[in-house]
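The values are calculated or read from the model by the stated rules, or taken from the named source; none is laboratory data. Nothing here was measured: the structure is a model prediction, and the numbers come from that model. FYI the Cβ positions are ideal-geometry reconstructions off the backbone, even for glycines, and counts take in every protein chain you see. These area figures cover heavy atoms from the full protein model, side chains too; ligands, DNA and RNA do not enter into them. Shrake-Rupley method; radii C 1.70, N 1.55, O 1.52, S 1.80 Å.
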Amino acid sequence: MKVGLIMGSTSDWGIMSAAAETLEEFGITCETRIMSAHRTPDLAADYAKNAKANGFGVIIAGAGGAAHLAGVIAAMTTIPVIGVPIKSKLNGLDSLLSTVQMPSGIPVATMAIDGAKNAALYAVSILALSDEGLARKLDEFRKKQTQKVLDATIQ
């Protein structure tokens, strides 16, 4: 399965590239697209409605400001959607609230502001539920992460 990595504008790539890099480390294919819930609503709707048929297992959506992209996508697909609120005019609080405040019945897993790497790791966790090889890679990643902390010293 592949991951859809979408964002509201090219300026979001500085944050969202961390998700692409993390997915690549796990050997997961991601397709990156720019689309807007407000400026290209037909494109967003078409993307979401066809996501499953196009082989996506998870969609990560990053947006700033009135960050409705993840919610619009989630409303039109049953594929898990992970929202990444991106810093904007209100230091990202506007993006966070726009992403996290979904109505009952249309869930969006929401990461921290600018939390693209964790969004990718969450996507890996979801895909690892049905992929033993990926599950082993995720276990190894976690062990290495733990070891780095255990090996850390203060000079």
Residue pairs meeting the criteria (Cβ under 6 Å; at least 6 apart or on separate chains; first open to solvent by less than 90 Å² (accessible area, probe 1.4 Å), in region 135-150; second part of a helix (DSSP H, G or I) and at pLDDT 95 or above): ALA135/ALA128; LEU138/VAL124; LEU138/ALA128
Search result, residues across region 94-153 that are over 16 Å from the mean Cα position of the chain (by Cα) and aromatic (Phe, Trp, Tyr): PHE141
Within region 18-50, restricting to residues that are in contact (Cβ under 8 Å) with a residue 60 or more places away in the chain and surrounded by 15 or more Cβ atoms within 10 Å (Cβ to Cβ), the one that is farthest from the chain's Cα centre (by Cα) is PHE26
Any idea how many residues of region 52-106 are basic (Lys, Arg) and open to solvent by less than 70 Å² (accessible area, probe 1.4 Å)? 0
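Based on what the data block shows, is LYS117 closer than 23 Å to SER9 by Cβ, out of contact with any Phe, Trp or Tyr (no Cβ under 6 Å at 6 or more places or on another chain) and either surrounded by 13 or more Cβ atoms within 10 Å (Cβ to Cβ) or modelled with pLDDT of 95 or more (or both)?
yes
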Among the residues of region 122-141, what is the count of those that are farther than 22 Å from THR78 by Cβ and either in contact with a Ser or Thr (Cβ under 8 Å, 6 or more places away or on another chain) or not aromatic (Phe, Trp, Tyr) (or both)? 8
Does ALA109 count as open to solvent by less than 40 Å² (accessible area, probe 1.4 Å), under 18 Å from ILE15 (Cα atoms), in contact with a Pro (Cβ under 7 Å, 6 or more places away or on another chain) and small (Gly, Ala, Ser)? yes
